[in-house]
1. What's the angle, to the nearest 10 degrees (0 to 90), between helix 144-153's Cα axis and the longest principal axis of the chain?
2. Keeping all protein chains in place and using 1.4 angstrom, which order do Asp111, Asp128 fall into by accessible surface area, from largest down?
3. Of all the accessible heavy-atom surface of region 9-118, with the other protein chains kept in place and a 1.4 Å probe, what percent is carbon and sulfur?
4. Could you derive backbone 3J(HN,Hα) for region 21-26 from the dihedral phi with the Karplus parameters 6.51, -1.76 and 1.60 (θ = phi - 60°), listing whole Hz in sequence and x where the residue is Gly or Pro?
5. Take the Cα of Ala23, step 7 Å along the line toward its Cβ, and report every residue of region 103-147 whose backbone nitrogen sits under 11 Å from that point.
6. Please calculate how many Å² of accessible area region 232-347 carries per residue, with a 1.4 Å probe and no DNA, RNA or ligand atoms counted.
7. What does the charge dipole of region 43-159 about its Cα centre add up to, to the nearest 20 debye, if the Cβ of each Lys and Arg holds +1 and the Cβ of each Asp and Glu holds -1?
8. Please give the per residue accessible area of region 24-174, computed with a probe of 1.4 Å over protein heavy atoms only, in Å².
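The values are calculated or read from the model by the stated rules, or taken from the named source; none is laboratory data. This is a predicted model, so every value here is computed, not measured. Please note: Cβ atoms are built from the backbone with ideal geometry, for glycine as well, and neighbour counts cover all protein chains shown. What goes into the accessible areas is simple: the full protein's heavy atoms, side chains included, and nothing from ligands, DNA or RNA. Shrake-Rupley method; radii C 1.70, N 1.55, O 1.52, S 1.80 Å.
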Amino acid sequence: MNLEIGIQMEVTAKPLNLTLRHAFATSRSTQHIAENVIVEIRDGDVVGLGEAAPIKYYNQTQASCIRALNKMARRLEKRTPFEMEAILADLRARFPGEPSAIAAVDIALHDLMGKRLGRPLWQIWGLDVSGTPRTTFTIGIDSFEKVVAKVAEAEKYPLLKIKVGVKNDLEILREVRRLAPKKTLRVDANCGWTVKESIEKAKTLEKLGIEFLEQPIPAGNNAALKKIKNAIGIPLMTDESSLVPADIPPLAGCVDGINIKLVKCGGLREGLKMVHIARACGLKIMLGCMIESSVLISAAAQLSPLADYADLDGNVLISDDPFSGVTLDKSAKLILNERAGIGCVHR
Ligand code: MG
């Protein structure tokens, strides 16, 4: 165990462009390439790895993220890597618009800590890896024919998450269910429905045996979420309504569970807070992702023994992941390895 801390932390941020196997569409946008950022924090002879996936919907770009990270680098020069609470509180106060960049720093610091201690994060946190959930494989919005083709291609994945928010989405869901009668299906409308539409459409979702409905309406109206929850027969999960820890207490009683994404909340430290707050509020927990390499996915997977559901498929939706880390078994259960930190290495 090498706990000797280097003299000055060095932060480097570089573009990481990831190519999607298929154009990825939600009710909001279509993506062919994910413009992410890879971050390395060097402390003496140890390097921690982190990644940011800037979100255009929240006015973040690869360039704005790298600019923020370069400024953050100067603030980290005066710190040691174990001062995480102080470092991250400072970054949240200074860079409120760049949670994805903060997440990259947070992940790299956690990776560094794990590497210094020679242990994976799940073990440092005392978690039981036998309890990791299975992950869904996401089918983005597409034409009826293409969705059918994608379902066929996703044959090896037993859990599917179907993105909806188009005119014929119920027709598509009926076809997916016909093609995959035994699979667990989840539905994400990415804010694309109205309250009335959500309640109406959920009747069909229930008949089709959909496991839960994620974020049918735009964020910012918990009373409307409560109205939907009380009217439908399947669980209601949030995503866009539960970005950071403070969003959770007002959601108690309005929904059945929340989705946690590291790039939205600012990393593992905030993600862990969200886990505990959600539990105290009686809410289920899903761990989600954007289009991400194995760096971000492996980081989120470290928390997965604490989650009820996982939607950590960003790295399998791309064709050029430069890293390897968490893997899936045949049942799509997340398999955490014994490597130190986030358990991720260059391929
Ligand atoms: Mg979502």
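1. Long axis of 144-153 versus the principal axis of the chain: about 60 degrees.
2. Working: Asp111 0, Asp128 95 Å².
Final ranking, largest accessible area leading: Asp128, Asp111.
3. 50
4. Values, residue by residue: 4, 10, 3, 10, 10, 10 Hz.
5. 142-143
6. For region 232-347, the per-residue accessible area is 29 Å².
7. Here the size comes out at about 340 debye.
8. On the way: 6540 Å² over 151 residues.
About 43 Å² of surface per residue is accessible.
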